[in-house]
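**Student:** A single structure is presented below for examination.
The values are calculated or read from the model by the stated rules, or taken from the named source; none is laboratory data. Bear in mind that the values here come from a model prediction, so they are computed numbers and not experimental data. Glycine gets a Cβ as well: all are built from the backbone with ideal geometry, and neighbour counts include every protein chain shown.
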Amino acid sequence: MTSALLVPLALQGLAMLVDEAWFHRRRGLPRWERIGHPLDTLTIALCLGWLLVAPRDTALPVYLGLAMFSTLFVTKDEPVHARLCGAGEHWLHAILFVLHPIVLAAFALLWWTEHTQILAGQLAVTLAFCGYQVIYWNFVRGEAKPVNNAWYADLGPRWYEAEDTPIALLRAESRHRNPWIADQITGVLGAAPQRVLDLGCGAGFLSNFLATRGHHVTGIDTTAENLAVAAAYDRTSSVRYEVGDACALPFPDASFDVVCAMDLLEHVEQPARLVGEVRRVLRPGGLFLFHTFNRTWQADLIVIKGVELFVKNTPEHLHVKRLFITPDELRQMLDDRDLDTVTVLGSRPRFRWPLWRMLLTGKVGNDFAFTFTPSTKLGFTGIARRRVTLPTSSSTTGI
Ligand SMILES: C[S@@+](CC[C@H](N)C(=O)[O-])C[C@H]1O[C@@H](n2cnc3c(N)ncnc32)[C@H](O)[C@@H]1O
């Protein structure tokens, strides 16, 4: 009987260890979780402590109340998890939520059968874990690193001209992607000009290109300095540039045929909010085109550490790995918001002389080139389409 009661305790301990050592350490914890997780642990310690000190005849009713409070309390982080966690971590949390009341029931049975030494041992482990959570997350590891979005503001004309900066890599990516994007828009929606919204448009590499193809383009970015460069290089003088946040768009529902987010998803803390806004402003049947980086060790090594090491004038935290997204995570995020992923292509630099020259000189020449590849291990470009919801039979028949 006693050993059977220890099974849920062991399973919970194992699941918490995996959650902490694998998921939390990989993604980092925002302030809410850095305070909230030790409080979760404290509610369990409270249950155990009560069982150890309470008078035997009145212990259970209060314990029941504490156990129910703890079971509900540990679910409080779900709005944060919905934004930050992948499918694997959600699955592990589901297991932990199921185990939580079972473990608390096991404590009650251990108390009933007078195994107070086991409960005291469990209380010591729980308090030690709580201490670790407070100290490690709030004093050792601290706040998750923010991505450096401020760096772009001072680039000015260097957005379009400089070779001794990683912005030249973004230019090379745009040279490769822009004609493909224009072809996809025409291929799916036809040759007519479309209403295009370019999110996080920066200096307008894509916006200005699509304007030359006759589209009605709006570019938004949080940084006015970037938009000033974009407008200065807009040969059509037709692009509407506006300061705005891609996670809270100042546009009405269904007001665009195409929304683009090139190298933006890895620059926002809440990509799910951004995708929600994309869905809202996109008309049914409209296209969402994106490019971002995969959260793999290969991308960490090449896109972050490689660029920092080899490309001149790369600032700190131009990219941070925790904000990279796997294709599966993005696909799920899109699917949850009525956006069907229709294409995902990997991309990488071409293994030609301009790449080797960059490694030798730290400069990215205007002949540096990217190519699409089946492997999405580094970065990936994709298209999703907003679902068209058919009217229900009652509305079609007028009943
Ligand atoms: C890597 S640059 C990409 C620029 C452009 N999309 C391109 O491909 O050339 C990222 C841009 O996103 C902008 N940005 C970051 N967070 C944003 C947000 N929440 N809303 C709009 N723009 C944002 C930055 O100011 C920066 O110009």
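**Student:** When LEU339 is evaluated against the numbered criteria (1) surrounded by 16 or more Cβ atoms within 10 Å (Cβ to Cβ); (2) of a type in the set (A, V, I, L, M, F, W, C); (3) under 23 Å from ASP300 (Cβ atoms), which criterion, by number, is the only one it fails?
**Tutor:** (3)
**Student:** Out of segment 185-207, which residues are within 16 Å of the ligand (Cβ to nearest atom) and either surrounded by fewer than 18 Cβ atoms within 10 Å (Cβ to Cβ) or among the charged types (D, E, K, R) (or both)?
**Tutor:** Within segment 185-207, ASP198 is the sole residue that qualifies.
**Student:** Name, by its number, the condition in (1) assigned to a helix (DSSP H, G or I); (2) within 25 Å of GLN194 (Cα to Cα); (3) within 14 Å of the ligand (Cβ to nearest atom) that does not hold for GLU225.
**Tutor:** GLU225 satisfies every listed condition except (2).
**Student:** Can you spot a residue in segment 310-319 that is free of Cβ contacts under 8 Å to residues at least 60 places away in the same chain and not charged (D, E, K, R)?
**Tutor:** Yes: one or more hits.
Results for (1) at pLDDT 95 or above; (2) crowded, with 16+ Cβ neighbours inside 10 Å, shown as yes or no for each residue.
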{"site": "GLN122", "(1), (2)": "yes, yes"}
{"site": "CYS130", "(1), (2)": "yes, yes"}
{"site": "ASN138", "(1), (2)": "no, no"}
{"site": "GLY142", "(1), (2)": "no, no"}
{"site": "VAL147", "(1), (2)": "no, yes"}
{"site": "PRO157", "(1), (2)": "yes, no"}
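**Student:** I'd like the full set of residues that are closer than 16 Å to ALA15 by Cβ, surrounded by 15 or more Cβ atoms within 10 Å (Cβ to Cβ) and among the small types (Gly, Ala, Ser), limited to segment 89-109.
**Tutor:** The answer is ALA106, and nothing else.
**Student:** Only residues that are over 24 Å from ARG295 (Cβ atoms) and not aromatic (Phe, Trp, Tyr): list them for segment 365-391, please.
**Tutor:** Within segment 365-391, GLY365, ASN366, ASP367, ALA369, ARG385, ARG386, ARG387, VAL388, THR389, LEU390, PRO391 qualify.
**Student:** Within segment 250-269, count every residue that is buried (at least 16 other Cβ atoms within 10 Å of the Cβ) and near the ligand (Cβ under 9 Å from one of its atoms).
**Tutor:** 8
**Student:** Would you mind listing the helices (runs of 4 or more DSSP H) fully within segment 302-399 where at least 1 residues are closer than 19 Å to PRO166 by Cβ, out of contact with any Ser or Thr (no Cβ under 8 Å at 6 or more places or on another chain) and of a type in the set (Val, Ile, Thr)?
**Tutor:** 353-361
**Student:** Say whether the condition of being out of contact with any His (no Cβ under 7 Å at 6 or more places or on another chain) and closer than 21 Å to VAL278 by Cα is met by at least one residue in segment 352-365.
**Tutor:** Looking through segment 352-365, none of the residues is out of contact with any His (no Cβ under 7 Å at 6 or more places or on another chain) and closer than 21 Å to VAL278 by Cα.
**Student:** Another question, then. Out of segment 318-335, which residues are farther than 23 Å from ASP300 by Cα and more than 14 Å from the chain's Cα centre (by Cα)?
**Tutor:** ASP335
**Student:** Restricting attention to segment 145-154, does a residue exist that is over 30 Å from ALA232 (Cα atoms), part of a loop (DSSP other than H, G, I, E, B) and within 16 Å of the ligand (Cβ to nearest atom)?
**Tutor:** yes
**Student:** With respect to THR41, is the statement that it is among the hydroxyl-bearing types (Ser, Thr, Tyr), in the same structural domain as LEU104 (by TED's automatic domain parsing), touching a residue at least 12 places away in the same chain (Cβ under 8 Å) and closer than 16 Å to TYR136 by Cα true?
**Tutor:** Yes; evaluated as a whole, the condition is true for this residue.
**Student:** Could you look through segment 232-246, keep only residues that are surrounded by fewer than 17 Cβ atoms within 10 Å (Cβ to Cβ) and away from the ligand (no atom under 12 Å from the Cβ), and pick out the one that is farthest from PHE256 (Cα to Cα)?
**Tutor:** For segment 232-246, the residue satisfying everything is ALA232.
**Student:** In addition: Given PRO193, PRO157, which one is free of Cβ contacts under 8 Å to residues at least 24 places away in the same chain and not acidic (Asp, Glu)?
**Tutor:** Of the residues listed, the single one that is free of Cβ contacts under 8 Å to residues at least 24 places away in the same chain and not acidic (Asp, Glu) is PRO193.
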